[in-house]
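**Q** Below you will find the structure I want to go over with you.
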Amino acid sequence: MISIRKIFFFAVALTIVFLTNSNLADASTAPNQVSVKLINYLGNKNEVSLNIHGTYSINGSNVHLIEGNSYKVKVENSTTISLYANGTKVKVYTNSFTINPVKYGVENYVSINNRDYLGDFTFTIENGSYVRPINRLPMEDYLKGVVPGEMPASWNVEALQAQAVAARTYALSKINSTIVDTVSNQVYSGYIWKDHNYYKNSTLAVNHTKGEVLTYGGKLISAVYSSSNGGITESNANLWGGTALGYLPAKNDPYDPQNPWKLQITETQIDDSSLNMAWPASWWRTVVEKDPLVTNYVKNWLKANGYANKDLKIAKITGLTLGEEKTSGGRRMYGGYRIEFFVKDGVDGPFRMKDGTLERFVATAPKASFGTIRSMFGGSYIKSHLVDRITYQNGIFTYEGRGFGHGIGMSQYGAKKMADLQKSHKEILGFYYPSAVEDNYIDSMIQEIGGKNRYETSANISKYGWNDANTVVIGRGDNPIDALTGSVLAKKYNAPLLLVHTDSLPDSVTQLLNQYKPGKILILGGEKAISNKVETALRTYTTNIERITGQRRYETAIKVASEVGAASQVFITSDSSVSPDALSIAPYASAKQIPILYTQSDVLTPAVKDFLVSAGTKKVTIIGGTGAVSESVEASIADLVGQSNIDRVSGKNRYETSINIMKTYNIDPRNVFFAQGEEFIDALPGSVLAANYNGPIILVQKNSVPQQVIDYLAEDITFIPQIHYLGGEGAISRDVRNVIENTILH
């Protein structure tokens, strides 16, 4: 890429990839998340500086990176990379480490060598020497950094929208790989769009086309583009080989301004007639070529083609010709060249001498592919294959051509002209990608995890989240009360939570246990909840079985809390088996390993009171309003931990409570789990899955979406999250799903 202030060029290899829901089991390859290797602005550095805006945490630890401190990441040797804070080494890592924002959002970002980026960052070692950050962020926010990197934000918004759709389609086709922030993929400029005034149009372009992609034959197209096609588009097969694609034809483009260019190359780069060829050391360091910018490209090409680790001087560039053969798009297929040059072995090595004088080497090809010639002299100088002529006069060769880039697909300058002529972005895309169909990638962002019943749903949730499991947690399927608090324990052991009948194991669960062959099984609740008959059946899979139970639900929750370990902080919620408040807090509680306890509504349950004292609990958060946990219970807790150490998260109803939990704890919305708020036991095993994704559970009604949920989705989520429906359409209707998806898109 030259400069977004000048002219633009983008070239990619032809690739078509189509994603279906089967790709989505691995969160790292979810279509809403792009992984970008940061090279373009960073270069190759053995250390980089970090400025934190907001708060980040180091993945897998309780260490936080805080705004105001000065951080550096430095490669210590080929296998270790270190983090420094205010000049002091904090931690040494083997090969890599990752930092995550406490909540994904525009208020949390990182400046790396003074360029801002949103999202997560994995710092790796490249080539045993360099710090290489890999930035992971939602697709739509990635595009907000691509569109102004590829096209000036001041251009007509319709051109910018066409650019956004093309860039999104291309990025989605690469979703299962790490792309780079250069023209090798797409120029990604990071979080430059935080300057909302200057980048208003480019950000609007991404927002107004949210999720839009182009498909052909049901698959994503290769939405390649270039700066200028010189007045005629090119077929992909002509330049890159392979099958000609119907949406990438060669045809005249009346909108492209053609952008003529000229390159002059002096034939004699070094006049050696007066140089002492028997003693080249006398002039080697002082003599330079006539056209050093061009000859630097030539030297690099020669070094990549047989002269690695050599010091070269270009003496003469001659024999420049054009073949008569042209593509259907009018582009040159062949050309000729002759390069004469001198060679020295490395910086301090010997000169290549012959018969006592410096030897003149020759690289020549009377008929080379024009792609080779363009690489040799630099794509920034020979700007396209669309060359009209070569002339020779007064010892100078002159290439004259049109366009900039490969000319396949959309012309960025042509898109600008069409937009200025009041053409819509859809008309622009229709002209440059004929036969392509507008589509939306939201279908790839949706995963329904359900089953014929709650037991099969729990098994399918487990299959989705765990390929194997050494520990399995078993809960009662007809009453969620014990299993809800057990989600924190399941997370501790990275264990799926499976629901069973009181007196039997469902077939879906037995099949999964046969697959997992767990080494340990935890049963939540007493014999009335899960009978000895079920325990006996479970012993066919492992003899290492532990039953966690108390006389009542309160004591069972306390036993779970004791098994979890630390209880300096706890959540307390209603003991009602029909209250979903515990489900709403369960993903966050599980991720943070904070126990969930139950209490009676109007009196603090004695067993809970005794536990808070014996555990030395310092912080209590009540989940739910005063109808669920009364003010008198809150007062009793205050007597134990102090009023300043009590919080309450609630809402007007269970739906608003689930939203307020998200907002209070800054829960990452990149992966969102939706559950029905009335018959919610189907979703209970999903609480551990949501915790693994650091995502929330949002409650909805079966046949309608509460206004509080609509408001949150419309106002607080600016990108397309990965959507998980816990249960089938019998739990969350198609109408509700349509409302959710349309709200997120618009």
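**Q** Do the conditions hold for Val224, that is, is it assigned by TED's automatic domain parsing to the domain that holds Gln412, surrounded by 15 or more Cβ atoms within 10 Å (Cβ to Cβ), more than 30 Å from Arg332 (Cβ to Cβ) and in contact with a strand residue (DSSP E or B) (Cβ under 6 Å, 6 or more places away or on another chain)? Before you say what the answer is, go through the steps one by one.
**A** Values: assigned by TED's automatic domain parsing to the domain that holds Gln412: yes; surrounded by 15 or more Cβ atoms within 10 Å (Cβ to Cβ): yes; more than 30 Å from Arg332 (Cβ to Cβ): no; in contact with a strand residue (DSSP E or B) (Cβ under 6 Å, 6 or more places away or on another chain): yes.
When the stated conditions are applied, Val224 does not pass them.
**Q** In region 618-669, what residues are small (Gly, Ala, Ser) and in contact (Cβ under 8 Å) with a residue 24 or more places away in the chain? Let's see the steps before the verdict.
**A** Narrowing region 618-669 to residues small (Gly, Ala, Ser): 624-625, 627-628, 630, 632, 635-636, 638, 642, 644, 650-651, 658.
Listed by number, the residues that qualify are Gly624, Gly625, Gly627, Ala628, Ser630, Ser632, Ser636, Ser650, Gly651, Ser658.
**Q** Let me ask another. What number of residues in region 211-238 are aliphatic (A, V, I, L, M) and outside any loop (DSSP other than H, G, I, E, B)? Walk me through how you get there before you give the answer.
**A** Filtering region 211-238 for residues aliphatic (A, V, I, L, M) gives 213-214, 220-221, 223-224, 232, 237.
Keeping just the survivors that are outside any loop (DSSP other than H, G, I, E, B) gives 213-214, 220, 232, 237.
Summing the residues that are aliphatic (A, V, I, L, M) and outside any loop (DSSP other than H, G, I, E, B) in region 211-238 gives 5.
**Q** While we're looking at this one, here's another question. Hey, among Thr182, Thr122, which residue is free of Cβ contacts under 8 Å to residues at least 60 places away in the same chain, polar (S, T, N, Q) and over 19 Å from Ile720 (Cα atoms)? First the steps, then the outcome.
**A** On the way: Thr182 fails: free of Cβ contacts under 8 Å to residues at least 60 places away in the same chain.
Testing whether each residue is free of Cβ contacts under 8 Å to residues at least 60 places away in the same chain, polar (S, T, N, Q) and over 19 Å from Ile720 (Cα atoms) leaves just Thr122.
**Q** Being surrounded by fewer than 24 Cβ atoms within 10 Å (Cβ to Cβ) and more than 23 Å from the chain's Cα centre (by Cα) is the filter here, so list the residues in region 678-718 that pass it.
**A** Across region 678-718, the qualifying residues are Glu678, Glu679, Gln701, Lys702, Asn703, Ser704, Val705, Pro706, Gln707, Gln708, Ile710, Asp711.
**Q** Search region 298-313 for residues that are on the phi < 0 side of the Ramachandran plot and pair each with any residue that is of a type in the set (Lys, Arg) when their beta-carbon atoms are under 6 Å apart and the residues are at least 6 apart or on different chains.
**A** Asp311/Lys344; Leu312/Lys299
**Q** Does at least one position in region 587-609 carry a residue that is among the aromatic types (Phe, Trp, Tyr), modelled with pLDDT of 90 or more and outside any helix (DSSP H, G or I)? It would help to see each step written out before you state the result.
**A** Just the residues of region 587-609 that are among the aromatic types (Phe, Trp, Tyr), to begin with: 588, 598.
So of that shortlist, the ones also modelled with pLDDT of 90 or more come out as 588.
Subset that is outside any helix (DSSP H, G or I): none.
Scanning region 587-609, I find no residue that is among the aromatic types (Phe, Trp, Tyr), modelled with pLDDT of 90 or more and outside any helix (DSSP H, G or I), so the answer is no.
**Q** Further, regarding this structure: For residues in region 66-123 being acidic (Asp, Glu) and touching a His at 6+ places or on another chain (Cβ under 8 Å), which is surrounded by the most Cβ atoms within 10 Å (Cβ to Cβ)? Break it down stepwise before answering.
**A** The first filter runs over region 66-123 and keeps only residues acidic (Asp, Glu), leaving 67, 76, 107, 116, 120.
Retained after the next criterion (residues that are touching a His at 6+ places or on another chain (Cβ under 8 Å)): 67, 107, 116.
Details: Glu67: 11, Glu107: 13, Asp116: 18.
Going through the qualifying residues, I end up with Asp116.
**Q** Could you go through region 496-504 and let me know if any residue there is touching a residue at least 40 places away in the same chain (Cβ under 8 Å), in contact with a Pro (Cβ under 8 Å, 6 or more places away or on another chain), in a loop (DSSP other than H, G, I, E, B) and surrounded by 24 or more Cβ atoms within 10 Å (Cβ to Cβ).
**A** The answer is yes, given that some residue of region 496-504 is touching a residue at least 40 places away in the same chain (Cβ under 8 Å), in contact with a Pro (Cβ under 8 Å, 6 or more places away or on another chain), in a loop (DSSP other than H, G, I, E, B) and surrounded by 24 or more Cβ atoms within 10 Å (Cβ to Cβ).
**Q** While we're on this one: Among the strands (runs of 3 or more DSSP E) contained in region 239-344, which hold 3 or more residues that are more than 38 Å from the chain's Cα centre (by Cα), hydrophobic (A, V, I, L, M, F, W, C) and outside the structural domain of Leu429 (by TED's automatic domain parsing)?
**A** Values: elements: 260-266, 311-322, 334-344.
Per the criteria, 311-322, 334-344.
**Q** Here's another thing I want to ask about it. What residue, of Arg132, Arg168, is assigned by TED's automatic domain parsing to the domain that holds Lys426 and within 18 Å of the chain's Cα centre (by Cα)? Steps first, please.
**A** Working: Arg132 fails: assigned by TED's automatic domain parsing to the domain that holds Lys426.
Unique residue meeting the criteria: Arg168.
**Q** Being polar (S, T, N, Q) and either touching a residue at least 40 places away in the same chain (Cβ under 8 Å) or in the same structural domain as Thr209 (by TED's automatic domain parsing) (or both) is the filter here; which residues of region 670-725 pass it? First the steps, then the outcome.
**A** Taking region 670-725 first, the residues polar (S, T, N, Q) are 671, 676, 687, 692, 694, 701, 703-704, 707-708, 718, 722.
Result: Asn671, Gln676, Ser687, Asn692, Asn694, Gln701, Gln708, Thr718, Gln722.
**Q** How many residues are buried (at least 16 other Cβ atoms within 10 Å of the Cβ) and over 19 Å from Lys316 (Cβ atoms) if we restrict to region 274-292?
**A** Of the residues in region 274-292, 0 are buried (at least 16 other Cβ atoms within 10 Å of the Cβ) and over 19 Å from Lys316 (Cβ atoms).
The values are calculated or read from the model by the stated rules, or taken from the named source; none is laboratory data. These numbers come from a predicted model, not from an experiment. Note: ideal-geometry Cβ built from the backbone for every residue, glycine included; neighbour counts use all protein chains shown.
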